[in-house]
1. Name the residues of segment A:258-288, by number, that are at least 50 Å² less accessible with every protein chain in place than in the isolated chain; the surface is that of heavy atoms, probe 1.4 Å, without ligands or nucleic acids.
2. Taking a probe of 1.4 Å and counting only protein heavy atoms, give the total accessible area buried between chains B and A in Å², rounded to the nearest 100.
3. For Cα pairs less than 8 Å apart in space and 6+ apart in sequence, what is the mean separation divided by the residue count of segment B:32-151, i.e. the relative contact order in percent?
4. Starting from the residue with the highest accessible area, list B:Phe89, A:Phe376, A:Phe150 in decreasing order, probe 1.4 Å.
5. How large is the helix-only mean residue ellipticity at 222 nm for chain A, computed as the sum of -39500 (n - 2.57) over DSSP H runs with n ≥ 4, divided by its residue count, in deg cm²/dmol to the nearest 500?
6. Among B:Leu147, B:Leu41, B:Gly59, flag the residue with its Cα farthest along the positive direction of the charge dipole of segment B:27-151, charges on Cβ as +1 for Lys/Arg and -1 for Asp/Glu.
7. Any idea of B:Lys107's accessible area? Nearest 10 Å², probe 1.4 Å.
8. Could you please put A:Leu140, A:Leu215, A:Leu193 in sequence from largest to smallest accessible area, using a 1.4 Å probe?
Amino acid sequence: MNLETTAPPRKNPDAGARGAASKRGGIARWLDDRLGLGPLLAHLREKDVPHHRHSVWYFFGGMTLFLFTVQVVTGILLLFYYSPGANSAFESVQFIMGQVRFGWLVRSIHSWSANLMIGSLFVHMFSVFLLKGYRAPRELTWVTGVLLFFVVLGFGFSGYLLPWNQLAFFATKVGTEIAGAIPIVGHTVLRLLRGGDDVTGVTLSRFFALHVAILPIVAVGLLSVHLLLIQRQGISVPLSLEQRKAPVIRLPFFPDFFLRELIGWYVALAALAALAALDPWPLGTKCDPLAPAPAGIKPEWFFLWLYQTLRYLPAKILGLDGDMVGVCFINVAFALWIFIPFLDKKASNGRRSPAFTAIGWSAILYIIGMTLWGHFA
Amino acid sequence: MEPTNRESEPLERRNFLNVVLGAGVAGTIGSIGFPIVRYLLPPPESDAAPDAVVAAKEGELPPNSGKIVRFGVKPALLIRRADGSYGAFFASCTHLDCTVQYRPDLKVIHCACHNGMYDLQGRNVSGPPPRPLERLQVKQRGNEILLAREG
């Protein structure tokens with residue numbers, strides 16, 4: 001006998017029907033009576049993900065989120081021993097690496113996971129771009145996603161300085177100098193970032209505040225909207241499949257898709273542990289503001305394409321400062337990137353937009369090409 | 001009989017898979033949790049505490065006075081009693097670890113946090129402290145007063 005189907009719908013939460021719901025535990029029921037989680041759980045139960053030959057790309061968003069979680073956990077752990085300041089930052093990281101049990105592991109995982117997260121984020125962003133996942137009604141998911149991409153680059157840039165080693169010092173000098181090339185407001189931005197005219201302990205304090213307080217708040221805000229929109233609108237079906245009008249197989253999110261994601265996360269975790277154990281992230285030498293820049297110094301790989309772009313610009317373009325032109329061009333490109341869904345009207349109307357596919361591939365090839373060139377140059 | 005067997009088979013498989021899955025989850029939690037707990041427990045401190053420290057020059061402390069000095073990372077209290085003899089203790093109150101001080105007006109060692117009192121031998125005589133102060137040896141080397149661990 002199935003009581004659940006025969007019992008009348010419960011209108012008054014106090015009016016019994018306890019036998020009917022006896023399957024659910026006391027605490028779950030107590031919470032449900034107060035929070036009304038029913039519709040939410042029903043939504044999760046019905047949530048599904050399109051299953052087709054491009055499905056593999058759907059995993060990179062979840063992968064980025066997983067690696068972000070690793071960053072949050074290991075970042076909080078590092079905060080227990082890290083001490084910002086020109087005279088204590090390097091020493092405290094040294095202490096973490098040398099004295100604290102598993103400290104080397106936590107720090108190496110934080111560094112490696114940061115790199116894998118940025119890699120996964122690039123894949124996620126460009127796969128969404130090429131599958132035109134940004135088209136109406138998902139414009140805001142794209143916008144928050146691109147903003148998150150900028151926030152993550154900010155995390156990478158600010159976190160890089162925190163160990164206060166020689167490489168970090170010059171990376172920050174160069175990076176903030178580039179920001180100084182922005183017309184009109186450049187010098188103000190440079191001083192705002194550095195906390196003065198030079199990169200000093202004051203800059204370290206600012207970058208620390210940025211890295212552990214400001215950027216996390218912004219990231220969590222953007223991420224919440226990003227994820228909420230995905231829950232609300234469901235996963236986009238690629239334009240090419242939608243046009244075929246054939247029904248798309250849908251996979252239940254829980255447990256089918258979720259368990260598949262879990263496998264990916266386990267692989268990522270194993271990769272992280274292996275990388276951190278076999279190739280622990282080096283600490284380098286302590287920052288010495290008077291030492292010359294080491295030979296062959298380069299930014300981290302995810303900034304290499306930007307670095308390479310600026311490096312090969314002539315000193316003067318049409319009588320203007322080459323760096324300034326380059327920085328302006330990059331800023332405009334980034335701004336346009338945010339507004340892609342509003343520019344690609346064809347895709348939003350459900351039509352193919354080969355021009356934007358070409359733009360996407362050009363950007364990918366440009367970034368890969370410039371990165372490789374910068375790496376081997 | 002047969003249908004029952006057929007019905008119970010998937011259940012057994014399900015149970016088996018659930019056990020495997022549960023073991024995997026437990027293993028994951030363990031292998032992540034163990035390093036985190038070890039990490040959070042502070043590493044053993046390198047024995048920074050010295051065996052002896054120079055606390056004062058001879059004649060620096062007048063009778064009926066005291067001085068807080070550093071003994072490794074902990075504070076120590078060197079007192080000079082009214083009769084000119086020296087005494088030394090770790091300055092951490094045995095009640096709740098506040099730093100005690102010498103009170104020339106009362107001729108006692110006093111803890112301001114909860115009004116604990118010790119006599120000039122470090123014995124707890126009034127207020128909440130449960131035990132005497134931990135004693136240090138006072139030695140003289142040339143014209144320096146040294147503090148050393150007892151025993």
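The values are calculated or read from the model by the stated rules, or taken from the named source; none is laboratory data. This is a predicted model, so every value here is computed, not measured. Every residue, glycine as well, gets a Cβ built from its backbone with ideal geometry; the counts of neighbours run over all protein chains shown. Only protein heavy atoms, including side chains, enter the accessible area calculation; ligands, DNA and RNA are left aside. Shrake-Rupley method; radii C 1.70, N 1.55, O 1.52, S 1.80 Å.
1. A:Tyr266
2. On the way: alone 10290 and 21300 Å², together 30330 Å².
Accessible area lost upon association: around 1300 Å².
3. Details: 236 pairs, mean separation 26.4, N = 120.
Result for segment B:32-151 is 22 percent.
4. A:Phe376, A:Phe150, B:Phe89
5. On the way: 18 runs with 242 residues, N = 377.
Per the formula, -20500 deg cm²/dmol.
6. Positive-end residue among those listed: B:Gly59.
7. Surface accessible to solvent at B:Lys107 totals approximately 100 Å².
8. Numbers: A:Leu140 105, A:Leu215 25, A:Leu193 50 Å².
In descending accessible area the options line up as A:Leu140, A:Leu193, A:Leu215.
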